[in-house]
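This report refers to the structure that appears directly beneath it.
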Amino acid sequence: MDLVTLVTACALAVDPKLMHALVWHQSGGEPWAISVQGEPNPKIYSSLDLAIREARTESRAVLRVGLAGLSMPPSKVAASVLLPCRNVAMAAVQISKLTGRCKSHPRLKTDPTLCSVAVYRGSWERPDLKFATDVSASVAKGDAPNFDMPRGTSTEIFDTADDPPSGTGTPFVDITSAFAEQTRGWSSALF
């Protein structure tokens, strides 16, 4: 599956172009990316298990994980937040909520989308305006590239909120396949 289709299928709460640009700037489209605060580039891992294992050994307080860079402490990094579709969906929900708050913020309501991305990547006290400006510029130019997700990258989400115990074969629900086909139909009809 390509990145645009994945983002479109999973980021229902936010403009897919915005989420695509955010994913590109955050992780370069790498599903097992882990960003450590203070380091310029994310660490890219070859598998979900390796990313989880390495993230949990990190001693810093907060990491940004997965395609959309969800912020969390190392002890909370799990498969349920690194699966590409779930990661993008969770980030989209956060950005949607932040956009609502930004609309009522006295200083930042002039551009609630820029505000929400800046706060998502930073905080209310220290919004990351450079990141938000870069994402907004990519949305305006449409320059975030599309490409197929790496082979073996799951686009599934768990049908429960818990991580499956290792080796138990907990079932997955693939929510993106049917939607991806529908999206391709929409794309060809629109363009």
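Brief remarks follow.
- Of all residues in the stretch 28-52 being of a type in the set (D, E, K, R) and either open to solvent by less than 80 Å² (accessible area, probe 1.4 Å) or modelled with pLDDT of 95 or more (or both), the one that is nearest to D2 (Cα to Cα): E30
- Filter pass, P16 being without any contact (Cβ under 8 Å) to a residue 40 or more places away in the chain and open to solvent by less than 70 Å² (accessible area, probe 1.4 Å): yes
- Those helices (runs of 4 or more DSSP H) lying entirely in the stretch 76-137 with at least 1 residues open to solvent by less than 70 Å² (accessible area, probe 1.4 Å), more than 21 Å from L63 (Cα to Cα) and among the hydroxyl-bearing types (S, T, Y): 84-103, 112-121
- Residue in the stretch 147-165 that is of a type outside the set (A, V, I, L, M), in contact with an Asp or Glu (Cβ under 6 Å, 6 or more places away or on another chain) and modelled with pLDDT of 75 or more present: yes
- Answer residue from the stretch 53-67, given it is open to solvent by less than 80 Å² (accessible area, probe 1.4 Å) and free of Cβ contacts under 8 Å to residues at least 24 places away in the same chain and is nearest to A92 (Cα to Cα) among those: A55
The values are calculated or read from the model by the stated rules, or taken from the named source; none is laboratory data. Please read these numbers as outputs of a predicted model, since none were measured by experiment. Every residue, glycine as well, gets a Cβ built from its backbone with ideal geometry; the counts of neighbours run over all protein chains shown. What goes into the accessible areas is simple: the full protein's heavy atoms, side chains included, and nothing from ligands, DNA or RNA. Shrake-Rupley method; radii C 1.70, N 1.55, O 1.52, S 1.80 Å.
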